[in-house]
Amino acid sequence: MTKDIKVFVVDDEPNSTQLLRKVLQKKGYEVTEENNSVIARKTIKENFFDIIISDLQMPEVSGIDLLKVKPKDSLFIMITGYGSVNSAVDSMKLGAYDYVNKPFNIEEFLIKVDKASDSIKMTRQIKDLKERFRDDHPFKNIIGTSKRMTEVYDFIKKIAKVNVNVLIEGKSGTGKELVARAIHSESIRKDKSFIAINCSAIPENLLESELFGHVKGAFTGATETQKGVFEQANGGTLFLDE
């Protein structure tokens, strides 16, 4: 189906835009045509089109000028005469999806437009799948769909609902902090701080100060009052690693 693909055709020659509009509409595309390149530029800035098809050389505003103002998600197909193929290739380097030659080979033209349409639909499907996956699987950076991982996800959701201390076990690198962050993000504490601290990386003589804080002058080098991580994480989550 192509009816949900919006196409904008721009050429200063009315015969060209009329021809392309008719063949595209027969294929089910929703087509808008414009012969004034200045108006076309304004239209592109104010409206979204999935595919923009424009002549390269036009008075006042060129196809390259239109290419430069197209939205990121729009695909641009440049129309060029046989003597301007190099310019068309240059336009592709600037971000055009493809180019077609004048006089038109309608079969070739439709193949290229259909290819662009398929690319747009694929992008939409991928975006939709990502959104659906994000809804079904809200735990960022945790990857896995096995039965055991599903059990982990279920555990995270259950434990996040209660206000208890949690012991997370696992070898180094297995994702204990990711699980802790997931529990935090699913809990009522999600809008508060998540503080992670690697206890093994803190010298023994500084551990108490790091955990509970200190006041200025409490020991040599304590030049200012510092809150401990327990106080920093108050109302949120404190993850003590290793």
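Throughout, read-outs are computed from the coordinates displayed, never taken from laboratory work. Every value quoted in this text rests on a predicted model; they were computed, and no experiment measured them. Using ideal geometry, Cβ is built from the backbone for each residue, glycine included, and neighbour counts are taken over all protein chains shown.
Let me test this: with uniform point scatterers at the alpha carbons of the chain, what is the Debye-based log₁₀ I(q)/I(0) at q = 0.16 1/Å?
-1.03
Could you tell me what a quarter of the Cα convex hull surface of segment 6-135 works out to, in nm² with one decimal place? List each step's numbers first, then the result.
Working: hull surface 32.5 nm².
Spelled out: convex hull of the Cα atoms, projected over all directions, averaged, 8.1 nm².
Among all the lysines, which ones have a C-alpha under 21 Å from Lys176's C-alpha, if same-chain residues fewer than 8 places away are not counted?
Of all the lysines, those that pass the test against Lys176 - Cα under 21 Å, at least 8 places apart if same chain - are Lys140, Lys147, Lys157, Lys158, Lys161, Lys190, Lys192.
Bin by bin, in steps of 5 Å, what percent of the Cα pairs in segment 147-241 do you find, going until the bin that has the longest distance?
Percent of Cα pairs in each bin: 3, 12, 20, 20, 17, 12, 8, 6, 2, 1, 0.
Past the 27 Å Cα-Cα mark, which pairs from Lys72/Lys121; Lys93/Lys130; Lys45/Lys112; Lys27/Lys130; Lys6/Lys112?
Numbers: Lys72/Lys121 15 Å; Lys93/Lys130 29 Å; Lys45/Lys112 24 Å; Lys27/Lys130 30 Å; Lys6/Lys112 15 Å.
Result: Lys93/Lys130; Lys27/Lys130 exceed 27 Å.
Say the dipole of the chain comes from +1 at the beta carbon of Lys and Arg and -1 at that of Asp and Glu; which of Gly95, Thr237, Thr17 then lies farthest toward its positive end?
Thr237
List the trypsin sites (Lys or Arg not before Pro) in segment 48-118 that DSSP assigns to loop (not H, G, I, E or B) and whose Cβ has at most 16 other Cβ atoms within 10 Å. Which are they? Please report the intermediate quantities before stating the final value.
Numbers: sites: Lys68, Lys72, Lys93, Lys112, Lys115; in loops: Lys72.
Passing sites in segment 48-118 are Lys72.
Treating the beta-carbon of each Lys and Arg as +1 and of each Asp and Glu as -1, no other charges, what is the dipole magnitude of the chain about its Cα centre, to the nearest 20 debye? Kindly include the intermediate steps, with their values, before the conclusion.
Working: 36 positive and 36 negative charges, 119 e Å.
My answer is approximately 580 debye.
Let's see if you can work this out: charge +1 on each Lys and Arg Cβ, -1 on each Asp and Glu Cβ, no other charges. What is the dipole magnitude of segment 1-134 about its Cα centre, in debye to the nearest 20?
On the way: 22 positive and 21 negative charges, 132 e Å.
So the magnitude is around 640 debye.
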